1. Would you mind calculating the gained length between Lys94 and Val24 on full extension (0.36 nm times residue separation, minus the Cα-Cα distance), in nm to one decimal?
2. Please give the net charge around Lys57, taking every other residue with its beta carbon less than 13 angstrom from that of Lys57, where Lys and Arg add +1 and Asp and Glu add -1.
3. Restricting the calculation to Cα positions, tell me the Rg (one decimal) and the Dmax (whole number) of the chain in Å.
4. Of Pro32, Ala75, Ile13, which is farthest on the positive side of the dipole of the chain, counting Cα position, with +1 on Lys and Arg Cβ, -1 on Asp and Glu Cβ, and the Cα centre as origin?
5. At a Förster distance of 22 Å, what's the computed FRET efficiency of Lys66 paired with Asp16, Cβ-Cβ distance as r, to 0.05?
6. In debye to the nearest 20, how big a dipole does the stretch 15-94 give about its Cα centre with +1 on each Lys and Arg Cβ and -1 on each Asp and Glu Cβ?
Amino acid sequence: MRKDKKQVIGEEISDDSIKLFLEVEPADDTPPSLHKLVKAYRGLRIDDFERFLTFFKQAGYDLDAKDAQGHDFVALIQDQRQAEPYVEAVNAAKA
């Protein structure tokens, strides 16, 4: 990269953009709360995900939602390489 070019790692995401993840609905029988958590996990950096959790709870969604196999959000992502801070954020939001 040229010295006169500034590298942009990530821009601040607005609250409205984060709240868009609350509008995503599942196309199958996945509970809406679980679907929204997974989509936000896949699409947001940890700082933004923590902000999302605040909006998620305010909207009345369930942090303990389970799929048909009985897996909650933590069970679905815990074996992924970068899941730990997201798991911690969800556990903190439950407390």
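Just so you know, all these numbers are worked out from the coordinates, no wet-lab data involved. All figures in this text were calculated on a predicted structure; none of them were measured in a lab. Backbone-built Cβ (ideal geometry, glycine too); neighbour counts: all protein chains shown.
1. So the extension gain works out to 23.0 nm.
2. Charge balance near Lys57 sits at +1.
3. 15.0, 53
4. Comparing the listed Cα positions along the dipole, Ile13 ranks first.
5. After rounding, the FRET efficiency stands at 0.15.
6. Here the stretch 15-94 has a charge dipole of around 120 debye.
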